[in-house]
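Shown next, in structure tokens, is the structure this report addresses.
The values are calculated or read from the model by the stated rules, or taken from the named source; none is laboratory data. Small disclaimer: the values here were computed from a predicted structure and weren't measured. Cβ placement follows ideal geometry from the backbone for every residue including glycine, while neighbour counts extend to all protein chains displayed. These area figures cover heavy atoms from the full protein model, side chains too; ligands, DNA and RNA do not enter into them. Shrake-Rupley method; radii C 1.70, N 1.55, O 1.52, S 1.80 Å.
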Amino acid sequence: MNKIAEEINKYPQDYWDFKGITKSGIHNIGKYPATMVPDMQYQLLSVISKHLNNKNISLLDPFCGSGTTLVIAQELGINSVGIDINPYATLLSFVKTHQYNRTDVCDAISIIKNNLEQESNFPIYDFVNIKKWFRDDIIKSLSQIRHCILLEKNQDIRKFFWICLSEVIFKFSNDRTSTFKLHVLPKEKIDLIEDRCIEYFIKIINDNSKHLNYINMTSSNIIYGDSSSIINNKLKGEFDIICTSPPYGDNPTTVTYGQASILFLKWIDSKDLYCSQELLEKYTTIDKISVGGEKRKIINTKDIKSLQDFLGKISLKKQAKVINFFEDYYISLKCMKKCLSKSGYLIMTVGNRSVDTVRQPLDNITIEIACKMGLQVVSKFNRNILYKKTPLTLSMTENEKVVKSISEETILIFTK
């Protein structure tokens, strides 16, 4: 048995649930759905990194999301690269991993507080359907904050301020934040929103600034874009560890990461994002360009038995979306294998979502694809999701069967 598998097997069954432990510090900055558990990532990477002979360990997270794994890599002295197709995710990951100067941040906070008190002439910001998602007085307050952020000359500090603004937007928008998809609150609830945007923004920048990275840590390179394309065309060299949690299905029917971020992105100045402005014009574009967002023919995965068995249990309409996802997913796995070093480790946290009330065996499908590509399974174990924003039930099917959300994840470890 592999030494890593031996060490993981020593832990009791419920160890990886990390019951009673919640996110803290820099992991609480920003708003992002379905984030990874920092303590679990720390333990996993600690176990694996100590069994690697290479002292200069490199790590890749091709679906970096909120940057949890990248922050943990820094804590363990591991150089990392994070990629994501969601520009809010890459902005958030940058802010969490960037080394800031404490004096510069403190000075910038003092200046922006002063500007918020002094600046009375500022443009009222606007975008398509803004009044659907924000009340007029909220738009005015957010416009004032936005104007003052733009007065900050240091781009890295502006990026921090944008993340703080996103938390204000999350709290004071007309969106029903109990789900990831955008839904307008009832008018009676919108009327009850109290405009404390500026007061709350000041609180957030004070609180979040305490947790920024002010000490000299290992580097973390954050790249915006499609991970498969970036791995094939931009990344050089191989990685000792690839640690990620990929999407569990196409975004529109699983977790709408794009919709969950789009109201934030609408307010952020485009020069501080690394995406085209066209990407942000529609509320659904980010999700449509993510894994499984485009129509695909079944080519790479037609011989994956566990997938074919699953497809036979769901409707033709749903089969098409599942095929789109797994064709893209296959390419992602192929790219990960390509940039994984010999004797390196691939760590994947996956969840088995429901389609037509049938559990999609993403764990077994992933294993089958990886093994056909020549990767070897080192370990497979489950953990319960104890703290989650997703409701226990997601929707009702046409025949009124309840669709339950994911309550358990599977951690898969492979080696090349």
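Quick notes on this one:
- Helices (runs of 4 or more DSSP H) wholly inside the stretch 147-215 containing at least 3 residues that are under 29 Å from Val71 (Cα atoms), at pLDDT 95 or above and among the polar types (S, T, N, Q): 197-209
- Among residues of the stretch 313-331 that are under 15 Å from Ser228 (Cβ atoms), those with a Cβ under 9 angstrom from a residue that is acidic (Asp, Glu) and open to solvent by less than 50 Å² (accessible area, probe 1.4 Å), sequence gap 6+ or separate chain, pair up as Asn324/Asp250; Phe325/Asp250; Asp328/Asp250.
- Residue match in the stretch 239-260 (condition: under 18 Å from the mean Cα position of the chain (by Cα) and either of a type in the set (Lys, Arg) or over 30 Å from Phe414 (Cα atoms) (or both)): yes
- Restricting attention to the stretch 226-256, the residues being touching a residue at least 40 places away in the same chain (Cβ under 8 Å) and assigned to a loop (DSSP other than H, G, I, E, B) number 13.
- When the stretch 56-105 is filtered for residues that are open to solvent by 20 Å² or more (accessible area, probe 1.4 Å) and in a helix (DSSP H, G or I), the ones remaining, listed by number, are Glu75, Phe94, Arg102, Thr103, Asp104.
- Checking each residue of the stretch 244-263 against the condition of being surrounded by fewer than 16 Cβ atoms within 10 Å (Cβ to Cβ) and of a type outside the set (S, T, N, Q) gives no match.
- Considering Lys31, Lys23, Lys19, the condition of being assigned to a loop (DSSP other than H, G, I, E, B), out of contact with any His (no Cβ under 8 Å at 6 or more places or on another chain), over 23 Å from Asp207 (Cβ atoms) and not hydroxyl-bearing (Ser, Thr, Tyr) is satisfied by Lys19 alone.
- Residues considered: Lys271, Lys282, Lys295. Of these, the only one that is outside any loop (DSSP other than H, G, I, E, B), open to solvent by 50 Å² or more (accessible area, probe 1.4 Å) and not acidic (Asp, Glu) is Lys271.
- Options Ser209, Ser173; residue that is surrounded by 21 or more Cβ atoms within 10 Å (Cβ to Cβ), among the small types (Gly, Ala, Ser), closer than 25 Å to Ile112 by Cβ and touching a residue at least 24 places away in the same chain (Cβ under 8 Å): Ser173
- Filtered by the rule that a residue be without any contact (Cβ under 8 Å) to a residue 12 or more places away in the chain and out of contact with any Lys or Arg (no Cβ under 8 Å at 6 or more places or on another chain), the stretch 179-188 gives Pro186, Lys187, Glu188.
- Among the criteria (1) in contact with a Phe, Trp or Tyr (Cβ under 9 Å, 6 or more places away or on another chain); (2) open to solvent by less than 40 Å² (accessible area, probe 1.4 Å); (3) β-branched (Val, Ile, Thr), the one Val184 does not fulfil is (2).
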